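Report on the structure given below.
The values are calculated or read from the model by the stated rules, or taken from the named source; none is laboratory data. Everything numeric in this text was worked out from a predicted model, so none of it was measured. All Cβ positions, glycine included, derive from the backbone under ideal geometry; neighbour counts span all protein chains shown.
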Amino acid sequence: MKNIIVCMKQVLDPEIPLSLFHIDAEARLAVPPKATPPVLSPFDENALEGALRIKDAQEANVTVISLGKKFVRAVVTSPLAAGADRLVLLKDEAFDDFNTWLTASAIAAAIRKLGQFDLVLCGLQAADTNTGQVGTGIASLLGIPCITAARKVELLNDRVRVEKVLPDGYALIEAPVPAVVTTTYEVGALREPGVEAFMSAAKKPVTTWNAAELGIQTGGTDRFDRLKMFQPARDSKCEMLEGVSPDEKAARLVTRLRERKVI
C-alpha cells in the first residue's frame, strides 16, 4: 500500500475583498472583517484531489497534515469527508505567524514521526502568503527530490511521474520515491463529498502534536520583523497614457514618472 501525505493550510478566504480589511498601525497587522470563516487553501485542495485520484487508481492511504495556532474543526476535518484516511494537526501557540522555514521544519518533523511514506503533496503556494516555499523546504529538510508546479501526478511502483507545467506546455518528469510534489489548480478541483461521507469522517483518526512533541525549536532570530504597515490612499487615480507605438507609450510613462519624482 502506498502512503501519501498531503499538507493543507487553513487560511482566510481569498475571496474577501481587500477593501474590507483595515490596518492596525500599532499592532502592525492587517485586520480582516469580523465573522469571516476560514477555508482550506485552494491550491492545497488541488493537492488533496491529486492524492485521492492516486487512491482511486491503486491501494493507498492518505494522511493530511495541517499546522496552526487555532483550527476551525469543520474546516480542517473536511479532507476526511473528501476521502483522506487520517488527519494530523500540528497545533501550538508558538505556531502563530510562523515563517516558511519554521513551518517546513515542523511539517518535516511530523512526517518523520509518521514513519514510512511514498509521496508528499503540497499546494503550489498558500492563498494567504503566496510564497510557494514550504514544499521545497520540506523536501530539502527530508533530503528527498522535489518537483514543482504539477498538473498531474502518478505513482508507479518506486517512482513518481509528474506533468510539470511550463509556459508553453508541460514537461514529463519522473523521480524516485519518496518525493515531494507541489500542485497547481490544473490537477483539478477537490471533489464534493456527500452527507454520508461527512458522517463517516467523524470516525476517522485525528492526531494532535505540539512543538514539544515534534521536538522542534520555535524561537530564534530567523523570523522577520514587520516594521510598519499603512493603509494605501483610497483617493488615488489611474491615468492612461496614450501612444502610437509601445516605444512612444514607454517614453511618455518615463516622462510622467520623472515629473512625479518617482524616478
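Odds and ends about this structure:
- Close Cβ contacts (under 7 Å, 6 or more residues apart or on different chains) running from residues in the stretch 136-150 that are at negative phi and surrounded by 21 or more Cβ atoms within 10 Å (Cβ to Cβ) to residues that are of a type in the set (A, V, I, L, M) and in a helix (DSSP H, G or I) comprise Gly137/Ala104; Ile138/Ala104; Ile138/Ile107; Ile138/Ala108; Ala150/Val187.
- Identity of the residue in the stretch 119-137, closer than 14 Å to Thr183 by Cβ and of a type outside the set (Gly, Ala, Ser), that ends up farthest from the chain's Cα centre (by Cα): Leu119
- Taking the conditions (1) in contact with a Pro (Cβ under 8 Å, 6 or more places away or on another chain); (2) modelled with pLDDT of 95 or more; (3) surrounded by fewer than 18 Cβ atoms within 10 Å (Cβ to Cβ); (4) not aliphatic (A, V, I, L, M) in turn, Arg112 satisfies each one other than (1).
- Flag if Ala74 is small (Gly, Ala, Ser) and either in contact with a Leu (Cβ under 7 Å, 6 or more places away or on another chain) or in a loop (DSSP other than H, G, I, E, B) (or both): no
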